[in-house]
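The values are calculated or read from the model by the stated rules, or taken from the named source; none is laboratory data. Fair warning: this is a prediction, and the values are worked out from it, not measured in the lab. Using ideal geometry, Cβ is built from the backbone for each residue, glycine included, and neighbour counts are taken over all protein chains shown. Accessible surface areas use protein heavy atoms only, side chains included; no ligands, DNA or RNA. Shrake-Rupley method; radii C 1.70, N 1.55, O 1.52, S 1.80 Å.
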Amino acid sequence: MMITYAPMTIEAYDAVIGLWHGMPGIGLHVDEADSRHGIAAYLRRNPGMSVVAHDGARLVGAVLCGHDGRRGYLSHLAVYPAYRGRGIGREMMRRCLAALRSEGIAKCTILVYTDNTDGQAFWERHGWRQREDLRCMQTATGA
Ligand SMILES: CC(C)(COP(=O)(O)OP(=O)(O)OC[C@H]1O[C@@H](n2cnc3c(N)ncnc32)[C@H](O)[C@@H]1OP(=O)(O)O)[C@@H](O)C(=O)NCCC(=O)NCCS
């Protein structure tokens with residue numbers, strides 16, 4: 001099997017949503033941040049940083065990557081179950097961190113559901129550490 005990697009473009013939207021939809025560990029908001037419009041805006045703001053993985057023509061993995069000029073963020077890293085354990089998640093993560101590094105971004109943050117122990121194990125395996133001194137808080141802007 002030959003896996004290829006490429007920057008995510010909006011043309012991949014339907015396939016990427018198909019991957020994320022219903023996948024445990026992925027919090028999808030297709031009526032809001034993850035709408036076609038929302039993802040297109042994200043990709044425009046962070047050109048070339050999000051990654052897709054293909055097996056031939058089939059999309060098998062994806063991740064969103066971007067930064068706010070100060071800190072980097074990865075979201076929705078996912079690989080189809082049949083393709084897991086072959087280094088695809090790690091390679092997409094590696095590419096994202098390289099892209100952030102090349103833009104001078106020194107740190108990257110992810111949000112992981114507290115019940116996603118497999119996801120947490122993946123990040124810990126790769127040197128990511130939970131910030132015990134921080135708690136994530138959020139509010140709606142009204143948009
Ligand atoms: C997390 C996820 C993207 C990992 O993708 P993957 O392609 O299977 O991961 P890789 O094959 O690249 O794994 C790389 C390494 O991490 C390890 N790893 C992968 N999943 C792991 C797990 N659940 N627990 C412990 N280690 C894990 C692998 O053993 C491998 O180790 P190695 O470097 O010694 O070979 C995939 O399991 C997934 O899609 N999960 C559901 C969505 C999700 O929870 N995403 C995270 C959101 S925060």
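Give, as a single signed number, the net charge of other residues whose beta carbon lies under 15 Å from the beta carbon of A15, with Lys and Arg counted +1 and Asp and Glu -1.
Neighbour charge sum, excluding A15 itself: -2.
Say we join alpha carbon atoms closer than 10 Å with springs in a Gaussian network model of the chain; which of R131, R86, R71 then has the biggest fluctuation?
Taking springs between Cα atoms under 10 Å, the residue moving most is R131.
At a 1.4 Å probe radius, which order do R58, R101 fall into by accessible area, largest first?
R101, R58
Taking only protein heavy atoms into account and a 1.4 Å probe, give the accessible area per residue of the chain in Å².
65 Å²
Taking the Cα centre of each part, how many Å lie between the range 1-52 and the range 87-124?
Result: 15 Å between the Cα centres.
Ignoring ligands, DNA and RNA, what percent of the accessible area of the chain is carbon or sulfur (1.4 Å)?
Roughly 52 percent of what the probe reaches on the chain is carbon or sulfur.
Could you sort H29, H21 by accessible area so the largest value comes first, with the probe set to 1.4 Å?
Final ranking, largest accessible area leading: H21, H29.
Quick one: compute a quarter of the convex hull surface over the Cα atoms of the range 13-143 and quote it in nm².
Average projection, Cα convex hull of the range 13-143: 8.8 nm².
So what's the net charge close to R101: Lys and Arg +1, Asp and Glu -1, counting the other residues with Cβ under 12 Å from its Cβ?
Summing Lys and Arg as +1 and Asp and Glu as -1 gives +2.
Using a Förster distance of 35 angstrom, determine the FRET efficiency expected from the C-beta separation of R58 and T117, and round it to 0.05.
Calculated value: 0.80.
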